[in-house]
Amino acid sequence: MQRSFLRGAHMSIFSDTTLLVSMLLAVVLISGCSSIGSNENKISFPSETSLLLQKQLDTASVDQSAIYPGSILRIQTLAGIWEGTTGVANVVNRDAVVPAAKFRAGSILKPFIATVVLQLMEEKKLSLDDRLTDFLPHSTTRKFNDSASITLKMLLNHTSGIGDWTGSNSEEEKELYEAIFRDNQQIRPWPVEELLEMAASQGQYFDAGSQWQYNNTGYNLLGLVIEKVTGQSWRDNIRQRVLAPLDLKNTFLPESGHLTMSQPFISGYSDFSGEFTDTTEVDPSLAGAAGGHALVTNTEDLSIFIRALLDGVLFRNQETLSKMLSFVDMGEAGSAYGLGIQTFPLPNGGYAIGHGGMTAGYRSVVFHLPKEDITVASVLSAHQGAGFDFLLPTLKIVKEHLKTVSKKYD
């Protein structure tokens with residue numbers, strides 16, 4: 001069964017990679033061609049276009065199915081950047097959301113982890129064909145029956161079949177999530193070995209390499225591999241290898257025990273039996289290298305990251321990026337998953353590449369359209385309810401604007 005980013009009535013808290021496919025198919029309304037650039041274009045959209053975009057964002061936020069208190073949307077094109085917000089950053093103090101506000105980005109952490117693993121491959125410190133047993137101690141690998149057959153590549157692209165600590169289906173995951181918050185366990189440290197024990201209790205879902213199923217445990221194991229190979233934490237590796245080179249000043253990897261964010265940030269909320277609860281503060285070790293609350297960022301930094309990643313800036317060789325973009329079928333509407341990144345084919349022959357993130361109180365997404373050179377990053381401050389319904393009308397407006405500034409978008 002696919003672990004969906006947006007999946008029917010119940011939305012996954014930890015298993016959050018798949019973007020709403022119908023939403024992304026709407027991006028076909030934008031056409032053109034360009035190459036990816038790594039420099040940020042600071043030109044703003046004209047006022048009349050901005051007003052139309054803001055109207056659509058506001059309209060979506062007051063729909064009865066949209067229960068999020070606030071949202072941020074950032075659209076970057078060669079013709080300029082538009083940033084819009086709706087709602088409040090916190091339901092108590094009622095402060096307005098600002099475009100630069102930080103949030104918890106869930107599984108958008110996975111492309112960061114994958115980037116470090118691929119950099120270590122370039123440095124010949126590991127191979128994608130290496131097995132779990134090549135790096136991790138028996139006390140860890142003995143928990144998983146197929147550990148001697150599971151490669152790092154399988155962990156990266158979710159084909160390992162290993163048990164997931166979040167459960168084997170959405171109902172198990174929902175029960176786990178509700179139990180954690182009911183017992184106030186979300187603020188305590190969660191040792192990675194505890195998560196692995198929970199995963200081991202699930203058993204092996206399928207033979208290693210034989211199928212695809214979204215899996216958080218694999219990225220917890222990759223975090224341990226990074227630490228074994230480098231002698232440093234996976235957080236320090238990301239800080240040194242990704243955040244510093246890209247100068248991502250608003251992206252942080254809080255350690256266990258660090259539950260707060262510096263201002264400005266947007267608070268996240270969860271719906272418990274019809275009552276909204278502030279779930280902004282969850283220990284970053286709950287999910288750890290798989291995502292959860294372990295990645296704090298904003299839409300601008302995510303846009304910079306995805307554009308630089310797909311431009312090959314973070315790798316020594318173009319071949320490494322090609323490996324990252326070697327995809328396996330996810331079994332849903334033609335979507336495919338690579339090494340920590342996902343692609344969505346579009347009816348016009350184009351495609352979008354990116355990742356989604358969901359964690360308690362937040363839904364986020366970042367994706368790039370290479371053909372059109374359009375980058376979108378967005379967050380909603382609740383993980384239940386309707387999600388990203390504003391993207392279709394806003395992208396229609398962007399298309400019309402682009403036609404006025406360049407013939408390449410006709």
Residue pairs meeting the criteria (Cβ under 8 Å; at least 6 apart or on separate chains; first basic (Lys, Arg), in the stretch 240-264; second surrounded by 13 or more Cβ atoms within 10 Å (Cβ to Cβ))
ARG241/THR115; ARG241/VAL116; ARG241/GLN119; ARG241/LEU314; LYS249/ASP301
Would you check if GLN56 is crowded, with 20+ Cβ neighbours inside 10 Å, within 21 Å of LYS399 (Cβ to Cβ), over 21 Å from the mean Cα position of the chain (by Cα) and touching a residue at least 40 places away in the same chain (Cβ under 8 Å)?
yes
Scanning the stretch 93-117 for residues that are surrounded by fewer than 21 Cβ atoms within 10 Å (Cβ to Cβ) and either without any contact (Cβ under 8 Å) to a residue 40 or more places away in the chain or assigned to a helix (DSSP H, G or I) (or both) gives ASN93, ARG94, ASP95, ALA96
Among the residues of the stretch 176-183, is any among the aromatic types (Phe, Trp, Tyr) and under 21 Å from the mean Cα position of the chain (by Cα)?
yes
Kindly indicate which of ARG307, ARG316 is of a type in the set (Lys, Arg), over 27 Å from ASP129 (Cα atoms) and either surrounded by 19 or more Cβ atoms within 10 Å (Cβ to Cβ) or in contact (Cβ under 8 Å) with a residue 40 or more places away in the chain (or both).
ARG307
All helices (runs of 4 or more DSSP H) inside the stretch 297-410 with 1 or more residues being over 30 Å from ASN90 (Cα atoms), modelled with pLDDT of 95 or more and in contact with a Ser or Thr (Cβ under 6 Å, 6 or more places away or on another chain):
299-310
Sort through PHE305, PHE252, PHE327, PHE265 and tell me the only one that's in contact with a Lys or Arg (Cβ under 6 Å, 6 or more places away or on another chain) and among the aromatic types (Phe, Trp, Tyr).
PHE265
Verdict on SER139 being among the polar types (S, T, N, Q), in contact with a strand residue (DSSP E or B) (Cβ under 9 Å, 6 or more places away or on another chain) and free of Cβ contacts under 8 Å to residues at least 60 places away in the same chain
no
Can you name every residue in the stretch 69-92 that is polar (S, T, N, Q) and part of a strand (DSSP E or B)?
SER71, GLN76, THR77, THR85, THR86
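Check SER378, SER335 and return the single one that is closer than 20 Å to ASP58 by Cβ and in contact with a Phe, Trp or Tyr (Cβ under 8 Å, 6 or more places away or on another chain).
Answer to the selection: SER378.
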Residue among ARG241, ARG235 that is in contact with a helix residue (DSSP H, G or I) (Cβ under 7 Å, 6 or more places away or on another chain), surrounded by 14 or more Cβ atoms within 10 Å (Cβ to Cβ) and either at pLDDT below 95 or not hydrophobic (A, V, I, L, M, F, W, C) (or both):
ARG241
Identify the residue in the stretch 156-165 that is in a loop (DSSP other than H, G, I, E, B) and not polar (S, T, N, Q) and, among all such residues, is surrounded by the most Cβ atoms within 10 Å (Cβ to Cβ).
ILE162
Starting from the stretch 166-183, take each residue that is among the hydrophobic types (A, V, I, L, M, F, W, C) and surrounded by 15 or more Cβ atoms within 10 Å (Cβ to Cβ) and list its partners that are in a helix (DSSP H, G or I) and at pLDDT 90 or above, counting only C-beta distances under 6 angstrom and pairs at least six apart or across chains.
ILE180/GLN186
Which of (1) hydrophobic (A, V, I, L, M, F, W, C); (2) assigned to a loop (DSSP other than H, G, I, E, B); (3) farther than 25 Å from LEU222 by Cβ is the odd one out, the single condition ALA294 does not satisfy?
(3)
When only residues in the stretch 186-209 that are without any contact (Cβ under 8 Å) to a residue 40 or more places away in the chain and not in a loop (DSSP other than H, G, I, E, B) count, which is surrounded by the fewest Cβ atoms within 10 Å (Cβ to Cβ)?
GLU194
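The values are calculated or read from the model by the stated rules, or taken from the named source; none is laboratory data. Keep in mind that what you see is a predicted model, and the values were worked out from it rather than measured. Neighbour counts are summed over all protein chains in view; Cβ atoms, including those assigned to glycine, are modelled from backbone coordinates with ideal geometry.
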